[in-house]
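The values are calculated or read from the model by the stated rules, or taken from the named source; none is laboratory data. The structure displayed is predicted, hence computed values, not measured ones. Note that each Cβ is placed from the backbone with ideal geometry, even for glycine, and that neighbours are counted across all protein chains shown.
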Amino acid sequence: MALRLGDTAPDFTAETTQGTINFHEWLGDSWGVLFSHPKDFTPVCTTELGRVAHLAPEFDRRGVRVIGLSVDPVGSHGAWADDIAETQGAEVEFPLIADPDRVVSDLYDMIHPNADDTLTVRSVFVIGPDKKVKLTLTYPASTGRNFDEVLRVIDSLQLTAKYKVATPADWSQGEDVIIGAAVSDEEAAELFPDGWTTVKPYLRVLPQPGR
Ligand code: BEZ
């Protein structure tokens, strides 16, 4: 069955470009992003891995460990990483899981047989420090992902884990946020003593807390 939000991210031990990794141990207390790409030495995947390599400082700044996966073997990943550095101008410094037996792909339901019965789709899982799945995304092989959006969601997840707020459509770091629907006005007055704007009784807006 597909993984759902709030499920525990399945643990596994796998070969990677940085040696054998036990996933939960490797995550430690950090946030994590596990993302799959269909195949090594393919054009869209090359641009995606290059983009994530460029964004490594942004993931680091948020305390997020990143790990990629495809069904190709570890030797292929290593050779391809050289191509990525050459063509995309960034070294892939995060590990890439080799999953030729599809053990991890099956655990995370990354192979969608009606799309392709051997290659993984473009999945993204954001995992919290509690090892729970906080976000899932599934893209087709033909569409490269927007990793700025992944960072944006992580900003929202980290903010809403800390404060009883929610983030509106297209929110980004520093913009106004919404008081969660489950928070009464009485509780909100304690949590946010500087006040908020009531647009509707169910739509209460305030500046992003903690800035
Ligand atoms: C690509 O990365 O370009 C790609 C990979 C697998 C299937 C189709 C496209």
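Below are the figures for this structure:
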read-out	value
Residues satisfying the stated conditions in the stretch 78-119, i.e. modelled with pLDDT of 95 or more and among the hydroxyl-bearing types (Ser, Thr, Tyr)	87, 105, 108
Tally, over the stretch 139-162, of residues that are crowded, with 17+ Cβ neighbours inside 10 Å and part of a loop (DSSP other than H, G, I, E, B)	2
The stretch 151-175 residues that are without any contact (Cβ under 8 Å) to a residue 24 or more places away in the chain, paired with ones that are of a type in the set (Asp, Glu) and surrounded by 16 or more Cβ atoms within 10 Å (Cβ to Cβ) (beta carbon under 8 Å, 6 or more apart)	172/155
Residue 115 vs. criteria of a type in the set (A, V, I, L, M), away from the ligand (no atom under 16 Å from the Cβ) and assigned to a loop (DSSP other than H, G, I, E, B)	no
